[in-house]
1. Report the residue, chosen from Leu71, Leu30, Leu48, that carries the largest GNM mean-square fluctuation when the chain is represented by alpha-carbon nodes joined by springs under 10 Å.
2. Near Lys66, which lysines are there with a Cα under 22 Å away, not counting those fewer than 8 places off in the same chain?
3. In straight Cα distance, which aspartates and glutamates are under 19 Å from Lys68, not counting same-chain residues fewer than 8 positions off?
4. Percent of Cα-Cα pairs per 10 Å bin, from 0 to the last occupied bin, for the stretch 1-78, please list those.
5. Work out, step by step, the length gained on full extension between Val54 and Glu80: first 0.36 nm times the residue separation, then minus their alpha carbon distance; give nm to one decimal.
6. Only Lys, Arg, Asp and Glu count, each charged at its Cβ (+1, +1, -1, -1), so figure out the dipole size of the chain about its Cα centre, rounded to 20 debye.
7. What order do you get for 74-84, 19-29, 59-69 when each peptide is scored by the mean count of other beta carbon atoms within 10 Å, highest first?
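Bear in mind these aren't lab numbers, they're just calculated from the coordinates by the rules spelled out. In this text, all values refer to a predicted model and were calculated from it rather than measured experimentally. Cβ coordinates were reconstructed from backbone atoms using ideal geometry, including for glycine residues, and neighbour counts include every protein chain displayed.
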Amino acid sequence: MLAVNYTNLRDNMKTYMDKVTDDYETMIVLRKNNKNVVMISEESYNNLMENIYVMGNKENYDWLMKGKAQLENGQYSVHELSEVEDNE
């Protein structure tokens, strides 16, 4: 996680925004009176919101935990994918 003050961020905005988006860095922008801001990419934000939604739904959560337990107990199977011809 990166931490940068507001002035440094303003002077190097593109560089820091590229780090956040290209390197999946989370950045804390330090401000006076501890009114800090966290900067993440839109992709990371969308992923976070989706995880909150999925994990916030009890049925989804239970289904995921059941699948995880099955995997951990070796209750899974491997399937080969077959190729489909373009003209089929």
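1. Largest GNM mean-square fluctuation: Leu71.
2. Here the lysines satisfying the reach criterion relative to Lys66 are Lys58.
3. By straight Cα distance, Lys68 reaches Glu50, Glu59.
4. Cα pair-distance distribution for the stretch 1-78, in percent: 16, 30, 22, 18, 11, 2.
5. 6.5 nm
6. 1200
7. Output ranking for 74-84, 19-29, 59-69: 19-29, 59-69, 74-84.
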